[in-house]
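Colleague: Here it is, the structure, as structure tokens.
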Amino acid sequence: MLRTVYVNGRYVPESEASVSVFDRGFLFADGIYEVTAVLKGRLVDFEGHAARLHRSLNELNMHLSLNDNALRDIHRQLIDKNALQEGLVYLQVTRGVADRDFAYPESQTPATVVAFTQQKPIIDSPLAERGLKVISLPDMRWGRRDIKTVQLLYPSMAKMEAKKRGADDAWLVESGLVTEGSSSNAWIVDHDNTLITRELSRSLLHGITRRTVMQLAREHDMKVEERGFTIKEAQNAREAFMTSATSLVYPVVSIDQRPVGSGEPGEIARALRRLYIEASLEAMDAGQN
Ligand code: PMP
């Protein structure tokens, strides 16, 4: 089925959706993006994603003439036009079209805005049932990982390396500590049932799912500690898991071929996943998103 895609103010069939070869997103990866999950045809945590989009835009001195209501309307229209029940809306904003030059034009170029839907089973996810095997790799990305840019070559290579080694994903390590997953935040649960995830900084993306999961955990009297941890600590933890918008919570069952805990998806990861789904559906029923 041909999807309907949003390109700079127009809704067009995907076969007609295109941007200029001079777009700075294409030439310099001069662009940012957001991915918002869709459950039962509704957006999950949209406010958080919109807020982070603005933060990314500000950090890169990029300008977008659409406010949050307009952005939300684009998301909703895409969901309707594509009859999307479960999956995601991808939104990308680049600095737009200019003659190729490392320095971008001082005057504001109109941003290029593209958005599309993608179907994905989220609630009944086979990966969530079986848990993920991860490998560790050195974190070789740039120093502003808090900005959600489209320069995703290293994470993409890390994922391919994981696949090549018979695993599902990679956790990235810098100065001996895990920063995050290739496209997710990394968590462990210690033997006192304390949840541990890296503190926020420029070294990692400030995950929207991370924030919501942390809030839910605290509301349910779980202890959360924000600090770095080593691969060894993770291998010896009671549980490990990762969070991202379209995986929600995925249990991690092995790290560098060593089973974590029993080697099966952990109870706390499964409970957090359930809580996250419940809370998202409740927020929808309450008319948010
Ligand atoms: N870290 C990285 C590097 C990511 O790419 C992602 C997902 N895009 C995340 C963390 C998780 O962020 P979120 O929960 O907002 O999807």
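Colleague: What is the one condition in (1) within 16 Å of the ligand (Cβ to nearest atom); (2) touching a Ser or Thr at 6+ places or on another chain (Cβ under 8 Å); (3) part of a loop (DSSP other than H, G, I, E, B) that Val173 does not satisfy?
Modeller: Val173 satisfies all of (1) within 16 Å of the ligand (Cβ to nearest atom); (2) touching a Ser or Thr at 6+ places or on another chain (Cβ under 8 Å); (3) part of a loop (DSSP other than H, G, I, E, B) except (3).
Colleague: Another question, then. What do you reckon, is Asn69 away from the ligand (no atom under 14 Å from the Cβ) and assigned to a loop (DSSP other than H, G, I, E, B)?
Modeller: no
Colleague: Checking Ile123 against (1) open to solvent by 40 Å² or more (accessible area, probe 1.4 Å); (2) assigned to a helix (DSSP H, G or I), only one condition comes out false. Which one?
Modeller: (2)
Colleague: Another question, then. Please list, ordered by residue number, the helices (runs of 4 or more DSSP H) wholly in segment 181-289 having 1 or more residues that are within 13 Å of the ligand (Cβ to nearest atom) and at pLDDT 95 or above.
Modeller: Where helices (runs of 4 or more DSSP H) fall fully within segment 181-289 and carry at least 1 residues being within 13 Å of the ligand (Cβ to nearest atom) and at pLDDT 95 or above, they are 208-219, 267-285.
Colleague: On to the next question. Restricting the search to segment 159-195, which residues are hydrophobic (A, V, I, L, M, F, W, C), touching a Gly at 6+ places or on another chain (Cβ under 9 Å) and open to solvent by less than 10 Å² (accessible area, probe 1.4 Å)?
Modeller: Answer for segment 159-195, where residues must be hydrophobic (A, V, I, L, M, F, W, C), touching a Gly at 6+ places or on another chain (Cβ under 9 Å) and open to solvent by less than 10 Å² (accessible area, probe 1.4 Å): Ala170, Trp171, Leu172, Val178, Val189.
Colleague: Go through segment 6-55 and report how many residues are in contact (Cβ under 8 Å) with a residue 24 or more places away in the chain, away from the ligand (no atom under 16 Å from the Cβ), part of a strand (DSSP E or B) and open to solvent by 10 Å² or more (accessible area, probe 1.4 Å).
Modeller: Number satisfying all stated conditions: 4.
Colleague: Here are some conditions: (1) open to solvent by 80 Å² or more (accessible area, probe 1.4 Å); (2) touching an Asp or Glu at 6+ places or on another chain (Cβ under 6 Å). Asn61 meets all but one. Which one does it not meet?
Modeller: Unmet condition: (2).
Colleague: Tell me, please, whether a residue that is in contact with a Phe, Trp or Tyr (Cβ under 7 Å, 6 or more places away or on another chain), on the phi < 0 side of the Ramachandran plot and not in a loop (DSSP other than H, G, I, E, B) can be found in segment 151-170.
Modeller: There is no residue in segment 151-170 that is in contact with a Phe, Trp or Tyr (Cβ under 7 Å, 6 or more places away or on another chain), on the phi < 0 side of the Ramachandran plot and not in a loop (DSSP other than H, G, I, E, B).
Colleague: Quickly run through segment 135-150 and pick out the residues that are in a loop (DSSP other than H, G, I, E, B), within 17 Å of Ile32 (Cβ to Cβ) and either open to solvent by less than 70 Å² (accessible area, probe 1.4 Å) or away from the ligand (no atom under 13 Å from the Cβ) (or both).
Modeller: Arg141, Gly143, Arg144, Arg145, Asp146, Ile147, Lys148, Val150
Colleague: What do you reckon, is Ala128 of a type in the set (A, V, I, L, M) and free of Cβ contacts under 8 Å to residues at least 12 places away in the same chain?
Modeller: no
The values are calculated or read from the model by the stated rules, or taken from the named source; none is laboratory data. Everything numeric in this text was worked out from a predicted model, so none of it was measured. Ideal geometry is used to build each Cβ from the backbone, glycine not excepted, and the neighbour counts take in all protein chains shown. We work out accessible area using only protein heavy atoms, side chains counted, and drop any ligands, DNA or RNA first. Shrake-Rupley method; radii C 1.70, N 1.55, O 1.52, S 1.80 Å.
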